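*Asks:* Have a look at the structure that comes next, please.
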Amino acid sequence: MSRRRGGRGAPDARVRPTVALACAIGALGATPALAQRALDADGLEALKDESVELVRDYIRVNTVNPPGNETRAVEFFARIFDAEGIAYETAESAPGRGNIWARIEGGDEPAVILLHHTDVVPADADHWTADPLGAEVRDGLIYGRGALDTKTLGILHLQAFLALHRSGTPLDRDIIFMATADEEAGGLFGAGWLVENRSELFEDVGYVLNEGGGGTVSADRVDFGIEVTQKVPVWLRLVATGTPGHGSMPRAESSVTKLVRALDRLRQYRFAPRILEPVDTYFKGIAEAAGEEWSAAFADMEHAVQDPELLARLQLENPFLAAITRNTCSLTRLEASDKINVVPPSASAEIDCRVLPDQDVDAFRAEIRSVLNDSAIEIETVMAFTPAISSTDTDVYRALETVTRARYEDASVLPSVAAGFTDSHFFRDIDIHAYGYSPMAVPEEDSPRLHGNDERISIENVRRGTEIMLEILERIAVTPVP
Ligand SMILES: [Zn+2]
């Protein structure tokens, strides 16, 4: 592919909507029965038991990135596929940076990839009450790095995939299990590398199910987001130059003063709000539960955001919700002199801008140039992705929605927009629908454990998630007999 992607990104916090939304998980309902199920009740129980053990085994595989060592995860899955008699392929993008995929063949409908990343972020054992790679079970919860991000999801994908394979159920489409390296550092040694170097793998693919969405349990309700798009990172480096000199004899202007002045203009600048359709749907969906202060505004955000005061208040109260209403820039890195008494010849800043998923990136860079209002400041692009939104008007999206609604009674299920990014953008770039979805409902108070300390997932979530993921695949790939 000709599209160049720049430097490697730092991992992104997965920002979850945290509006104070007020109904516990309803009794497990059941979707209308499919004519053919891959498993009977006993088989399903056995599959769930197996899931719990596999989640624990997988957490114990050390794939902390850096350095990654994802080939260990490849070996983990390869052993399972060997035992099941499933053909698979592997590829290393660099020594130790392994990727693995396997395919169950079906009919001619566009294939679905079950994607997860095998790497995890580092964990500081001093701040954990359990061994981060120990997968200890305490009070019905499995503790370990990757429990939420995203080894459990990988096992739920695997189990649904294995159940379909074992049953030999005829499928309408191919189902591909894919486990890739390096997502936590930008994915260029994983999903990005495969899209670039093994494009033939994706020729018949219509859909990717990936991390990035799922359920959040707050005081008395469950809210599911199916992520259909994300803010797009446009990371820029601004460089100012000037005459260097001694700190004791300042000139009227220097590289640093030019940079500071331009950054201050950017700091004060407010990007125009613009409510995209999935954002509007999301706000409308949470409006009723958002409380008196916000209900009316959320029900009509297009109108509400015209009030700059309201937008400022929203940013104070919920930076995530504010971020999905417009383009943003965070001033994050500054570099100038390395000595206190030396005026440096150049000074630079790196800014983390995130644009709405329909934004033209060149037009955005032009806007930044006019805001900085200093032609002497160079603007370099450190990294920029291509904006894209996945449609909710597909059978696969509807299957996620239908099964989730049936399984979590009273839960809201809405398309969502992520403020951060995942590997999904690599697939949206090549016109594959990508949906961020996990069947697990995680307590709101557990979300900071993602990339934080004492990351954990309940065994109940693993068991229920196994059942839901299988049901989703059956709905997506098994034709009901009329
Ligand atoms: Zn992740």
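The values are calculated or read from the model by the stated rules, or taken from the named source; none is laboratory data. Note that the structure is predicted; figures quoted are calculated from it, not measured. Positions of Cβ are generated from backbone atoms using ideal geometry, with glycine treated the same way; all protein chains shown enter the neighbour counts.
*Asks:* Of all residues being more than 18 Å from residue 398 (Cα to Cα) and among the small types (Gly, Ala, Ser) in region 211-234, which is modelled with the lowest pLDDT? Just the residue, please. Spell out the reasoning first.
*Replies:* Just the residues of region 211-234 that are more than 18 Å from residue 398 (Cα to Cα), to begin with: 216-222, 230-234.
Within this subset, residues satisfying the condition of being among the small types (Gly, Ala, Ser) are 218-219.
On the way: 218: 87, 219: 81.
Among them, the one singled out is 219.
*Asks:* Going through region 176-193 one residue at a time, which ones are buried (at least 24 other Cβ atoms within 10 Å of the Cβ) and away from the ligand (no atom under 16 Å from the Cβ)?
*Replies:* Scanning region 176-193 gives a single hit, 177.
*Asks:* Follow-up question, since we're still on this one. In this structure, is residue 296 surrounded by fewer than 17 Cβ atoms within 10 Å (Cβ to Cβ) and over 17 Å from residue 230 (Cβ atoms)? If you could, list the steps in order and put the result at the bottom.
*Replies:* Values: surrounded by fewer than 17 Cβ atoms within 10 Å (Cβ to Cβ): yes; over 17 Å from residue 230 (Cβ atoms): yes.
Answer is yes for this residue.
One line per residue, one yes/no per condition, for (1) within 16 Å of the ligand (Cβ to nearest atom); (2) among the small types (Gly, Ala, Ser):
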residue: 90; (1), (2): no, no
residue: 93; (1), (2): no, yes
residue: 98; (1), (2): no, yes
residue: 109; (1), (2): no, no
residue: 115; (1), (2): yes, no
residue: 120; (1), (2): yes, no
residue: 123; (1), (2): yes, yes
residue: 126; (1), (2): no, no
residue: 136; (1), (2): no, no
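*Asks:* List, please: which pairs have Cβ atoms under 9 Å, are six or more places apart or on different chains, and start with a residue in region 196-210 that is more than 16 Å from residue 399 (Cβ to Cβ) and end with one that is assigned to a helix (DSSP H, G or I)?
*Replies:* 196/426; 201/194; 201/195; 202/194; 202/195; 202/427; 205/427
*Asks:* Suppose we filter region 37-58 for residues that are within 21 Å of residue 135 (Cα to Cα) and touching a helix residue (DSSP H, G or I) at 6+ places or on another chain (Cβ under 6 Å); how many remain?
*Replies:* Going through region 37-58 one residue at a time, the tally reaches 7.
*Asks:* Here's something else I'd like to know. Kindly indicate the residue of region 410-448 that is over 24 Å from residue 286 (Cα atoms) and in contact with an Asp or Glu (Cβ under 8 Å, 6 or more places away or on another chain) and also farthest from the ligand (Cβ to nearest atom) among those meeting that condition.
*Replies:* Restricting attention to region 410-448, the residues satisfying the condition of being over 24 Å from residue 286 (Cα atoms) are 423-433.
Keeping just the survivors that are in contact with an Asp or Glu (Cβ under 8 Å, 6 or more places away or on another chain) gives 423-424.
On the way: 423: 8, 424: 11 Å.
The qualifying residue farthest from the ligand (Cβ to nearest atom) is 424.
*Asks:* Is it true that residue 146 is farther than 24 Å from residue 405 by Cα, in the same structural domain as residue 71 (by TED's automatic domain parsing), within 16 Å of the ligand (Cβ to nearest atom) and in a loop (DSSP other than H, G, I, E, B)?
*Replies:* Values: farther than 24 Å from residue 405 by Cα: yes; in the same structural domain as residue 71 (by TED's automatic domain parsing): yes; within 16 Å of the ligand (Cβ to nearest atom): yes; in a loop (DSSP other than H, G, I, E, B): yes.
Yes, satisfied.
*Asks:* Picking from 133, 162, 209, which residue would you name as being part of a loop (DSSP other than H, G, I, E, B), in the same structural domain as residue 434 (by TED's automatic domain parsing) and among the hydrophobic types (A, V, I, L, M, F, W, C)?
*Replies:* 133
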